[in-house]
1. Has the stretch 189-208 got any residue that is within 16 Å of ligand 2 (Cβ to nearest atom), among the basic types (Lys, Arg) and closer than 28 Å to Thr32 by Cα?
2. Does Ile27 satisfy the criteria of being among the hydrophobic types (A, V, I, L, M, F, W, C) and within 16 Å of ligand 1 (Cβ to nearest atom)?
3. What about Glu56, is it out of contact with any strand residue (DSSP E or B) (no Cβ under 6 Å at 6 or more places or on another chain), charged (D, E, K, R) and assigned to a helix (DSSP H, G or I)?
4. With modelled with pLDDT of 95 or more, away from ligand 1 (no atom under 15 Å from the Cβ) and touching a helix residue (DSSP H, G or I) at 6+ places or on another chain (Cβ under 9 Å) as the only criterion, which of Gly89, Gly150, Gly83, Gly123 stands out?
5. Which condition breaks for Asp155 when tested against (1) in contact with a Ser or Thr (Cβ under 8 Å, 6 or more places away or on another chain); (2) away from ligand 1 (no atom under 16 Å from the Cβ); (3) charged (D, E, K, R); (4) under 26 Å from Leu20 (Cβ atoms)?
6. Just checking, how many residues over the stretch 1-18 are at pLDDT 95 or above and over 25 Å from the mean Cα position of the chain (by Cα)?
7. Pairs needed: first member in the stretch 13-39, within 22 Å of Ser69 (Cα to Cα) and among the charged types (D, E, K, R); second member anywhere, within 13 Å of ligand 1 (Cβ to nearest atom) and not in a helix (DSSP H, G or I); C-beta distance under 7 Å; at least 6 residues apart or different chains.
8. Condition test on Ala78, is it buried (at least 22 other Cβ atoms within 10 Å of the Cβ), at pLDDT 95 or above, outside any helix (DSSP H, G or I) and of a type in the set (A, V, I, L, M, F, W, C)?
Amino acid sequence: MDKKLDISVVVPLYNEAESLPELVAWIKRVATENKLSYEIIFVDDGSTDESWSVVERLKAETPEIRAISFMRNYGKSAALYCGFDLAQGEVVFTMDADLQDSPDEIPEMRRKVLEEGYDLVSGWKRKRYDPISKRWPSKFFNLTARIMSGIKLHDFNCGLKAYRRKVVKSIEVYGEMHRYIPILAKHAGFSRIGEKVVEHHERKYGKSKFGIERMVKGYLDLISVSFMSRFGRSPMYLFGSLGTLMFLFGGITALWIIIDKLYSQFNGLMWRGVTEQPMFYLALLAIVLGVQLFLAGFLGEMINRRSTDRNHYLIDKTIDR
Ligand code: UDP
Ligand code: MG
């Protein structure tokens, strides 16, 4: 890279052909007005409409555009992850392609990163133009995420965010984890996380790409993300300690049952056979479970040695400078 680039705007898109021209024009206008050098990185997440040809057409008149397109639909997280890989700006933005997020927020969010020293500034759609079926579950998730992560954000899943470049180069956004990027960032060591109230708009073209299944997925992801940030690096701490507890409980109980039986038998007291006591089976179960938990811990540690990498995503086409 020869000269310093002020901002990168990473835009994941899946069937958003109609929105793209307006989005590019808007980002361009904001960047020019604020004298910011910029690049727009489109990641076409396996669109089946004309999105890619629109991108190619836009590229012809806007050299600041760079773009990749996936072989198939991998999901928003994969798109962001690969977009982050390309980004070269000093401050990297993410923005949805559907015009719900406003590029007008860019200068102020950039200022917060550069002058107030935030690693990550997340948008907060205080006034939100989405159906209630989306707003309410979202409130619940944000509350849970806040409690579990200790990060004081109102809107974890806002598509509009600004990052110091180093942040996006350091996090692995996998699965459906785009909802919890601030948690991933914090886990990676970037703890200065702020937010800015942003304008939100109704979807102008097309329809939302996330249905009701987002609730189930969002909930499961929250569990894995908090698990990962607590035990991801050392699963043995969790599974090993649980396994040890189980194993000790089972072992001691079984021993006690056997000794008690032998003692009673030899001293002419009332006694029951070991296998006639329900507790004995519970003890056996606990021993087996304990060993299995231990094994899970070992497996986790072994899997840990190989982490995911970007080459995992097949790139179909590329536009680059
Ligand atoms: N998106 C994507 N891949 C997907 C689903 C969505 O790249 O599999 C993009 C989509 O094109 C949009 C952004 O992610 O730019 C947010 O999606 P959407 O607007 O459907 O989500 P909502 O605003 O309803 O939460
Ligand atoms: Mg949207």
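1. At the first step, the residues of the stretch 189-208 found to be within 16 Å of ligand 2 (Cβ to nearest atom) are 198-208.
From the residues that got through so far, the ones that are among the basic types (Lys, Arg) too are 203-204, 207.
Then keep just the ones that are closer than 28 Å to Thr32 by Cα; that gives 203-204.
For the stretch 189-208, residues within 16 Å of ligand 2 (Cβ to nearest atom), among the basic types (Lys, Arg) and closer than 28 Å to Thr32 by Cα: present.
2. Details: among the hydrophobic types (A, V, I, L, M, F, W, C): yes; within 16 Å of ligand 1 (Cβ to nearest atom): yes.
Taking the combined requirement at face value, the residue satisfies it.
3. Working: out of contact with any strand residue (DSSP E or B) (no Cβ under 6 Å at 6 or more places or on another chain): yes; charged (D, E, K, R): yes; assigned to a helix (DSSP H, G or I): yes.
Taking the combined requirement at face value, the residue satisfies it.
4. On the way: Gly150 fails: modelled with pLDDT of 95 or more; Gly83 fails: away from ligand 1 (no atom under 15 Å from the Cβ); Gly123 fails: away from ligand 1 (no atom under 15 Å from the Cβ).
It is Gly89.
5. The single condition Asp155 does not satisfy is (2).
6. Kept after step one, since they are at pLDDT 95 or above, are these residues of the stretch 1-18: 5-18.
Those still in the list that are over 25 Å from the mean Cα position of the chain (by Cα) too: 5-6, 17-18.
Selection size over the stretch 1-18: 4.
7. That search, which allows pairs on different chains as well, returns Glu16/Ala97; Glu16/Asp98; Glu16/Gly206; Glu18/Tyr205; Glu18/Gly206; Glu22/Leu99.
8. Numbers: buried (at least 22 other Cβ atoms within 10 Å of the Cβ): yes; at pLDDT 95 or above: yes; outside any helix (DSSP H, G or I): no; of a type in the set (A, V, I, L, M, F, W, C): yes.
Considered against the rule, which asks whether it is buried (at least 22 other Cβ atoms within 10 Å of the Cβ), at pLDDT 95 or above, outside any helix (DSSP H, G or I) and of a type in the set (A, V, I, L, M, F, W, C), Ala78 comes out as no.
The values are calculated or read from the model by the stated rules, or taken from the named source; none is laboratory data. The structure presented is a predicted model; accordingly, all values stated were derived computationally and were not measured. Every residue, glycine among them, receives a Cβ derived from its backbone with ideal geometry; neighbour counts consider all protein chains shown.
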